[in-house]
Amino acid sequence: MQALTRQLGDVIPLPVSVRPDPAANFRISSDLSVSAAPEAADLAEQLAELLRRVTGRPVSRTSGEDAGSFRILLDGYDKNLDQNPDQNPDQNLDAYDRSGKPAEAYAIEINPESVTLRAGSNQGLFAALQTLRQLLPEEPADEIVLPGGRIEDEPRFAYRGTMLDLARHFFGPADIRSFIDSIAQLKINHLHLHLTDDQGWRLEIPGWPRLTEVGGGPGTGVDGAGPGFLTMQEYADLVAYAAARYVTIVPEIDMPGHVNIVQVAYPELTADGRPVPPRTDAEVGYSSLVAGKEETYAFVEDVIRAVSDLTPGPYLHIGGDEAFSTPPEDYRTFLRRVLPLAGKYGKRAIGWHEIAAADLPPTAIPQYWRIEPADGGVAQAAAAGHQVIMSPADRTYLDMKYDRDSPLGLDWAGLLGVERAYDWDPADRLPGVGEESLLGVEAPLWSETLRSLADVQFMAFPRLAAIAEVGWTPRADREWRSFRARLAALGPRWTAQGINFHRSPEIDWL
Ligand code: ACM
C-alpha cells in the first residue's frame, strides 16, 4: 500500500464537505486519460497538463464524458444522485438550477476506478481543479495515491479578493500574471488594481496622454522608485489572462483625493489652474479634484468611459478615501455626479467606505477599510440594502508588518500575524453589517515599501491563504489549529513554485 500523498481534507480553503473513504483510494497508474464534455475542453487540457507534470507520464484525452480515468462532468451535481452520477443527467441539471448553488460549486469523487470532477459551470470545474491540485504532489513523483472519498464544496461569499497597488510602485504585466496564478490557486476570484494615486497614474487613457507620460514616467511612485504604466492593450490582455483563471479584474481610479499626479499632468484641473509640483512622499489627503469645475467632470467621464470599455467585469472602483482636502459638501457634490457615471457605462460602483457619506446609487458597494470597531455610515448603507466588502486594515491589510522584525511594510493598523489574519469573522466585524449584507472580503496590498514581485509575495503569502479561507469556508468549520497544519503543507508547494513566502514562526513549516 503506497503512502497517501495527502489526506482528502488537506486543502486551503477547507471545503464545505469532506467525506473520506480510505477503502477507495485511487492509485495513479500508467494508463492515464482525461475525458470531458466538449464545453469543458479547456479544463480537460489543464487537468491533463497538470497530470503530465506531476506523473511524468503521457496522458491521453478521450472523447465521451465518462470514459477516462479522470472525468470532467459539466452537469452540476445533486447530493441525492451522487451515488450514481450517470443516472439521468438532465434531472441533475434541474436540481442544480433549482438549488441555486453558486457558479463555483463543485464536487470531487475519488474511487479506485476513477477521479470525477463535477460542476454546473466551467468556473466550478476550475475551483475543483484547484482543490485536486492540492491533493496531488507539486513536483513529479513515481507513486501517487489520491485519497478516496467525496468532496462537495461551494463558497461562503461570492467576492473573495485581493488588491495590488500599482500607483505607489508599478508592477508590470509579467509580475501581475504571476500574482494571478498564485491567488487563483487559493480560489481568490477578484483582483482589485489600484491604478492611480498621488504618486503615479498607471493606465493609458485615450485623449489624456500626459496622465501616463507624466504619471507613469521616470521618478514616479513612492521615492520615485516605481515608474511604468499599462497600455490599453496590456491591460486588456491582463483582464483576459485573469478571466481565463476565473479572476475578475476590479480597476480603481481613486478620486476626488489621491490625484496629485493628475494635477501635475493637467494643471487645468487644479482650483486656480496653476501647476503643482510632483510628489513622491507617502503622505495622504493633500490633493483634490475640484467639485465646482466642469472640466473635472469632463475628465472623470472620459476616464470612467475608457476604463469601463476595457473592463468586462461588473465593477468599477472609484476610490473616495481620505479626501481630507475636499470640503464635505464638495465631496458629496462630486460623488453625486460621479457615482452614477459608473452605472451609465454599465458598471457597479465600489468605493472605500467614506462614500457612505454621499447619496449612493442602490447598487453601490462601500468597502470598509478602517480599524474602528463600528462605522455608522457603513451600517446605514447596509440597512438601506447596500452590499459591503470587508477589508478591515487590522485583519486584512497585507502591507502591515507581520511582527516587529518584518523588513517590509507599515504598522499604523498594528502588526498583522497569520493567526490574526485568520481568526476573525467578517460578519461580526461591524455592528449592523451582518452576513446578509456582505458581498465578501478583500485583502489589499499597498506598495509604499515594496520594490519587487518577491516583496509582493513576501507580504501576501501566507496571509492571503488565511483571508481566502475566511472568504470561502463556512464560519463554523474554521479553526486555527486545523488551518495552521494545512498551511504548513502549502510551504513546500510555494517553494516549488518559486514563491517568496514569509516563513512565519507561527507555522511549523514542513
Ligand atoms: C485606504 O487605505 N486609504 C483605503
* **Restricting region 395-421 to residues that are hydroxyl-bearing (Ser, Thr, Tyr) and within 13 Å of the ligand (Cβ to nearest atom), the residue that is surrounded by the fewest Cβ atoms within 10 Å (Cβ to Cβ)** => TYR397
* Asked: Out of curiosity, is PRO392 more than 16 Å from the ligand (Cβ to nearest atom), surrounded by fewer than 23 Cβ atoms within 10 Å (Cβ to Cβ) and under 25 Å from GLU469 (Cα atoms)?
  -> no
* Structure fact -> Selection over region 203-220 where residues are of a type in the set (A, V, I, L, M) and farther than 18 Å from ARG168 by Cα yields a count of 1
* Test: GLY148 is touching a residue at least 12 places away in the same chain (Cβ under 8 Å) and farther than 21 Å from ASP321 by Cα -> yes
* **Yes/no for ARG19 being surrounded by fewer than 16 Cβ atoms within 10 Å (Cβ to Cβ), of a type outside the set (Gly, Ala, Ser) and in contact (Cβ under 8 Å) with a residue 40 or more places away in the chain** => yes
* Structure fact -> How many residues of region 491-506 are loosely packed, with under 15 Cβ neighbours inside 10 Å and in a helix (DSSP H, G or I)? The answer is 2
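Using the structure shown, decide if GLN380 is closer than 23 Å to ILE183 by Cβ, modelled with pLDDT of 95 or more and away from the ligand (no atom under 16 Å from the Cβ).
No, not satisfied.
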* To do: Starting from region 390-406, keep only residues that are closer than 17 Å to TRP472 by Cα and in contact (Cβ under 8 Å) with a residue 24 or more places away in the chain, then list their pairs with residues that are within 16 Å of the ligand (Cβ to nearest atom) and among the polar types (S, T, N, Q) whose Cβ atoms are within a distance under 6 Å, requiring at least 6 positions of separation or different chains.
  => SER391/GLN367
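One line per residue, one yes/no per condition, for (1) farther than 19 Å from SER178 by Cα; (2) within 21 Å of the chain's Cα centre (by Cα); (3) of a type in the set (Ser, Thr, Tyr):
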| site | (1), (2), (3) |
| --- | --- |
| ALA225 | yes, no, no |
| GLU234 | no, yes, no |
| LEU238 | no, yes, no |
| PRO251 | no, yes, no |
| HIS258 | yes, no, no |
| TYR266 | yes, no, yes |
| LEU269 | yes, no, no |
| ASP281 | yes, no, no |
| VAL284 | yes, no, no |
* Asked: Between residues in region 427-451 that are in contact (Cβ under 8 Å) with a residue 40 or more places away in the chain and within 16 Å of the ligand (Cβ to nearest atom) and residues that are assigned to a loop (DSSP other than H, G, I, E, B) and among the acidic types (Asp, Glu), which pairs lie under 6 Å by C-beta distance while being six or more apart or on different chains?
  -> LEU430/ASP375; LEU445/ASP399; TRP446/ASP399
* **In region 147-166, residue farthest from ARG118 (Cα to Cα) [restricted to those that are of a type in the set (A, V, I, L, M, F, W, C) and in a loop (DSSP other than H, G, I, E, B)]** => LEU166
* To do: State whether the residues of region 108-130 include one that is out of contact with any Ser or Thr (no Cβ under 6 Å at 6 or more places or on another chain), under 27 Å from LEU487 (Cβ atoms) and at pLDDT below 95.
  => no
* Asked: In region 229-250, which residues are surrounded by fewer than 18 Cβ atoms within 10 Å (Cβ to Cβ) and assigned to a loop (DSSP other than H, G, I, E, B)?
  -> THR231, ALA244
* Structure fact -> Residue hits (region 186-204; assigned to a loop (DSSP other than H, G, I, E, B) and crowded, with 22+ Cβ neighbours inside 10 Å) are LEU186, LYS187, ILE188, ASN189, LEU195, ASP198, GLN199, ARG202
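The values are calculated or read from the model by the stated rules, or taken from the named source; none is laboratory data. What you see is a predicted model, and the numbers here were worked out from it, not measured in a lab. In this analysis, Cβ positions are derived from the backbone assuming ideal geometry, glycine residues included, and neighbour counts consider all displayed protein chains.
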